[in-house]
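Visitor: Structure incoming, see below.
Since every read-out is calculated from the coordinates, none of them should be taken as a lab result. Small disclaimer: the values here were computed from a predicted structure and weren't measured. Every residue, glycine among them, receives a Cβ derived from its backbone with ideal geometry; neighbour counts consider all protein chains shown.
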Amino acid sequence: LDNIDAVISLIRASKTTQEAKAGLIEKFGLTDIQAQAILDMRLQRLTGLERDKIEAEYEELIKKINRLKEILANERLLLNVIKEEMLIIKENYADERRTEIRHAEGEIDMRDLIDDEEIAITLTHFGYIKRLPADTYKSQKRGGRGISALTTREEDFVKHLVSTTTHSRLLFFTNKGRVFRLNAYEIPEGKRQAKGTAIVNLLQLGPNEKIATLLAIDEKDDNKYLLLATKNGIVKKTNREEFKNINKSGLIAIGLREDDELIGVKVTDGNKDILLVTKEGMSIRFDENDIRPMGRTAMGVKGITLSNEDKVVSMSLCEEGTDVLVVSENGFGKRTDINEYRTQIRAGKGIKTYNIAEKTGKLVGAEMVNEDDEMMIINSDGVLIRLRVNEISLFGRVTSGVKLMKTDDEVNVVSISKIKMEEE
């Protein structure tokens, strides 16, 4: 603007636009974009009023540049801007989805288009789920470090691991006593070290609601009951038919008292022996016929009488194996013959199943196993080790067992899961 006459003279003396642009760049030290902007200007912008507008625009841009630099230099300010913009988007566009995406009725079942393959499904503490081919994890010797099961956020770890097939239906039971259903093939496939998909993208979970257990349901299975257990030692038996029609918002699977949570669910024929194991190393075995069938929303009956601070860590069916395998938080474990556990009356205090010491820590899980089974043991770093059950020593009930997985002050075992050995 201060050199307006010189600029006009230069442009008038130039034969082509390119020549004028080159002259402006050379004479006034402008950039290519600035020179082009001058050439694109309309004559009306040379009036006094337009000059004031240009100066006001210049000052406004300088302020904007300073503001943007300030935001980039201050993370708190940046997060506030993001928050404000997200709230505006929410206000303008947060209406419910208006279309429902589903498969057309009466057409081909999606399951017919998918191979029925062995898979492993993992779900982490913070709710990330994925499916993998069952042979992703090769067997290792006991006492090893294991291999990393997945890449998670620093404080996350694998909490549930289920071995099943792509054609099975999965029931997701939450700690709040609700149940959801998904087809196994609907779980997105991931690589061994991938984080997975957030379960909240697949299920409508409430605040502070987490998946307590996964159950793979085979349609051809004749077992007609689901058996549920809570951390406070309550058990309940409900007809499987009551879980047939589960909508997207889930169903109530068990009525819970305020301080209680659902910890385990099993499929049964109604005539099994049940084994409950607690974190303090107690256990009780009783006949399932001691529990009468109840409706979905019922609370259940007492399965074991717990001492102060003790909680149930696992529920197993005795016919699931010949030995009871227990694993402690410091990586110790053992097998004990199920015949050492006599059948008792439901709701008793039970008998000792493990000798807890400072070096072993409390129990994290228990499973009924056979010689041909394999186990997955997962620690709080997300590291997973796969062991053959026949490598784990047999001990009596009141013993501590041997080291199965190395741990240290910061890393403990958090979960165990049984898988079947593949055919040779």
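Visitor: Where does the charge balance sit around GLY177 when Lys and Arg score +1, Asp and Glu -1, over other residues with C-beta under 14 Å from its C-beta? Before the final figure, lay out the partial values.
Guide: Values: positive: LYS176, ARG178, LYS210, LYS231, LYS236, ARG257, ARG296; negative: GLU209, GLU242, GLU258, ASP259, ASP260, GLU261.
Residues near GLY177 contribute +1 overall.
Visitor: Here is a follow-up. Extension gain GLU410-GLN204, at 0.36 nm per residue separation less the Cα-Cα distance, in nm?
Guide: Working: separation 206, 0.36 × 206 = 74.16 nm, distance 3.33 nm.
This chain segment gains 70.8 nm when fully extended.
Visitor: Return an integer: the convex hull volume of the alpha-carbon atoms of the range 118-420, in Å³ per residue.
Guide: Numbers: hull volume 36.5 nm³, N = 303.
Dividing the Cα hull volume of the range 118-420 by its residue count gives 121 Å³.
Visitor: A further question on this structure: Please compute, over every Cα-Cα pair in the range 4-93, the percentage with a separation greater than 15 angstrom.
Guide: Numbers: 2911 of 4005 pairs.
Roughly 73 percent, rounded to a whole number.
Visitor: Based on the Cβ-Cβ distance from LYS248 to LYS302, what FRET efficiency comes out when R0 is 51 Å, to the nearest 0.05?
Guide: Working: r = 34 Å, r/R0 = 0.66.
The value I calculate is 0.90.
Visitor: OK, next. Between GLU258 and GLU118, 0.36 nm times their residue separation minus their Cα-Cα distance comes to what? Please report the intermediate quantities before stating the final value.
Guide: Details: separation 140, 0.36 × 140 = 50.40 nm, distance 3.85 nm.
The span from GLU258 to GLU118 would gain 46.5 nm if fully extended.
Visitor: I'd like the orientation of helix 17-28 relative to the chain: the angle between its Cα long axis and the longest Cα principal axis, in ° from 0 to 90, rounded to 10.
Guide: 90
Visitor: Continuing with this model, one more query. For the range 285-424, state what percent of all Cα-Cα pairs lands in each successive 5 Å bin, counting from 0 Å until the bin that includes the largest distance.
Guide: Values per bin, smallest distances first: 2, 9, 18, 21, 19, 14, 10, 6, 1, 0.
Visitor: Please compute the modelled spin-label separation between ILE345 and SER14, points set 7 Å along Cα→Cβ, answer in nm with one decimal.
Guide: My value for the distance between the label points is 10.4 nm.
Visitor: So for ILE338, ILE119, fewest C-beta neighbours within 10 Å to most, what's the order?
Guide: ILE338, ILE119
Visitor: If the chain between GLN44 and ALA194 were fully stretched, how many nm would it gain, using 0.36 nm times the residue separation less the Cα-Cα distance? Display every interim value, and only then the final one.
Guide: Values: separation 150, 0.36 × 150 = 54.00 nm, distance 6.05 nm.
Full extension of this stretch gives 48.0 nm more.
Visitor: May I ask you to derive the FRET efficiency for LEU79 and ARG111 from their Cβ-Cβ distance with R0 = 51 Å, giving the value to the nearest 0.05?
Guide: Details: r = 45 Å, r/R0 = 0.88.
According to the calculation, E is roughly 0.70.
Visitor: Please work out the Kirkwood hydrodynamic radius for the range 370-424, using every pair of different C-alpha atoms, and report it in angstroms with one decimal place.
Guide: Numbers: mean 1/r = 0.0800 Å⁻¹.
With all distinct Cα pairs of the range 370-424 included, I get 12.5 Å.
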